[in-house]
1. Could you list the trypsin sites (Lys or Arg not before Pro) in region 346-394 that lie in coil according to DSSP, counting only those with at most 13 other Cβ atoms within 10 Å of their Cβ?
2. Take the Cβ-Cβ distance between ALA226 and SER178 as r, set R0 to 22 Å, and report the resulting FRET efficiency rounded to the nearest 0.05.
3. Which order, highest average first, do 54-64, 414-424 follow once you tally other Cβ atoms within 10 Å for each residue and take the mean per peptide?
4. Return an integer: the convex hull volume of the alpha-carbon atoms of region 367-469, in Å³ per residue.
5. In the structure shown, do any of LYS302/LYS448; LYS334/LYS629; LYS247/LYS635 have a Cα-Cα gap over 31 Å, and if so which?
6. Taking the Cβ-Cβ separation of GLU554 and SER15 as r and a Förster radius of 60 Å, what is the calculated FRET efficiency to the nearest 0.05?
7. What aspartates and glutamates does LYS401 reach when the alpha-carbon gap must be under 16 Å and sequence neighbours fewer than 8 apart in one chain are set aside?
8. Would you count, across region 518-626, every pair of lysines whose alpha carbons are under 24 angstrom apart, provided the pair is eight or more residues apart or spans two chains?
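Each value in this text was obtained by applying a stated rule to the coordinates, not by laboratory testing. Please read all numbers here as calculations on a predicted model, not as lab measurements. With ideal geometry, Cβ positions are generated from the backbone for all residues, glycine too; neighbour counts draw on all protein chains shown.
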Amino acid sequence: MKKYKGIIFSNIRWSLIAYDIIVALAVYIFLLGHNFTKTLNLELTIVQAVLITCSTFIFRFLFNIYTQVWRYGGIQSYIKILCSDACAFMVHFAVNRLILPDDVRIPLEMTVSVFCLDLLGVLSIRMVYRYAYKFGNRQNTLGKILRFLLSVATFGNLQPITIPDNKQIKVAIIGAGSVGINLAEELLQNNSSAYVPVCFVDVDKEKIGREIHYLPVLPEDDVTIAELERYSVQEVIFAFPTSSAEKRKELYDYYRKAGYKIKVYDYPSVENANNKKRHLREFDPEELLFRKSIIVMNDNTKAFYKDKIILITGGGGSIGSELCRQIAKMNPRKIVILDVYENGAYDVQQELRIEYGSKIDIRVEIVSVTNKKGLERVFEEHHPDIVLNAAAHKHVPLMEKNCIEAIENNVFGTLNTVELCEQYGVKRMIMVSTDKAVNPTNVMGATKRMCEMIVQAHSAASKTTTFSTTRFGNVLGSAGSVIPLFKKQIARGGPITITDKRIIRYFMTIPEASQLVLTSGAMAKNGELFVLDMGSPVKILDLAVNMIRLSGMEPEKDIEIVETGLRPGEKLYEELLVKSEELGKTENELIFVERDVPLPIEEIEEKLEALRTACATHSDKEAKLALMKAVPTFKKPEVVNAEAEKQKEMQEARA
């Protein structure tokens, strides 16, 4: 306790006490010694001065006024000293009225005048002191004056103030809301920052033409660029987190066209947003899609998976691992991660154990879905309530050359899972599908379409299990996706390779895709094929151009964009629905359902037998021919691409 008191005592700023005493003396001389000498003699004036001083400083010590670091003092610090002096005034008033004799008392208006003028003085000193520390790093005349005042105020013991050099990057903050203002204050107070704000840009008419932190607020109109040039702005920072995707795209194009490098003051992108604090960062390539993140999860979904035993096939993959993460948040009884690749399964297991410890029972099973006996052993041991089937080969060009493997893994692996779900009375099976299954032009898409037909056929015949399928587009950040590829190519100095400059794709993030699977699976009645409203498709060429510019380079000048030609089985555009006229709504406005008429089990068995026979020949060519017969919508890519420009998806992308 003695040591603690010693620390407090040593932290008192005696210089500040000295200045407060000087202010008090000045007030006493001005008021008590001048204006009121007609009512008080010198002796009584001294008595009142001592009484006021004692009450004031006692309460300031009680409120720890002199242990505060005033250069960082905010409104709460000033309120604190106001309360301190208010208490001192009340004590003085009580003593003056109840204890002192009449001939020693001073009028109430005199007491109020002394306390108010003294308070004004001490507050002014602290405000000037804080202002001087905040802006004393300026290189202009004002900065020199402020540094001189600080030196005097600290009796020559001024702590070093970092004077920024002329190499600081001048930035305009786009958005003068609370986020933008916080950023400006943070940059202004950080003397070592590489950036210095020189202005705001906003659309709020009440702010335009005024100043915030001594920075002008410029209008967002046709003359904005000219105004930014006048302030020698080098970069712009987006600080408007609630804006729409369309608005962000409009502003991005506007400032990028003017030649400005763009940064963002916001949270990290959704894939790695573990840090909940905003920070200044580069524009993420994923944000160049300018689509608002979709949250489809709700309380009903969370309740559906709570206390359930959940098996995820392909649980170590991009989608499967995110399904594990999302499910872990819903308090399941057990998560069974099944995959043939042990590294991915192990990684997600360790991640969940670090995050949740022993709160969740997490198991890993290394089994291929093509190994029905091994898969049956897993069902026998864990008896899952819900199965999420995310195991599949998905790489389009590779599957063109490995048709038998694609059929065995995707088609017969799904069949094994479906049959075991029925055999072991699994309550719900949810299959993960792709937009490439719609009118497929490649082996991978055709195998997934065959999987959809298997699931739908069994949904009509099963008495134990509710089946559903969820279909979505390309997933950002997944293995083999286009953005990581472009990043690597830019880092190597180019060129960026695009199979066809006309190609378009739908995109969504890994968490969005996983939430769609879980939410649609929870609302399934039986046999539905769910799709998400993914907005408009994106031109891959535009994405490549923006990523090059985001890296501070110019397309075709610094980084070349090379067209390599469509790969085997590749389609210029993707569709999400087979028959859009049959699209149905669900309770979630972002999720729709397509109701195909399921084929009879007997017809599915005939198709499967034909595929088995073809695979037994060990000829990928024979297997592909059998797959084209099994999936009537499977067409040659050159036939589909020849009519691509007439399709709605291509027209939307051009718009």
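1. Working: sites: ARG353, LYS359, ARG363, LYS372, LYS373, ARG377, LYS394; in loops: LYS359, LYS394.
Counting only loop positions with at most 13 other Cβ atoms within 10 Å, the trypsin sites (Lys or Arg not before Pro) in region 346-394 are LYS359.
2. Details: r = 28 Å, r/R0 = 1.26.
Efficiency at R0 = 22 Å is approximately 0.20.
3. Working: 54-64: 17.3, 414-424: 20.8.
Descending mean neighbour count gives 414-424, 54-64.
4. On the way: hull volume 8.4 nm³, N = 103.
It is 82 Å³ per residue.
5. Working: LYS302/LYS448 28 Å; LYS334/LYS629 41 Å; LYS247/LYS635 39 Å.
Violating the 31 Å Cα-Cα cut-off are LYS334/LYS629; LYS247/LYS635.
6. Values: r = 57 Å, r/R0 = 0.95.
After rounding, the FRET efficiency stands at 0.55.
7. GLU570, ASP620, GLU622
8. Qualifying lysine pairs in region 518-626: 11.
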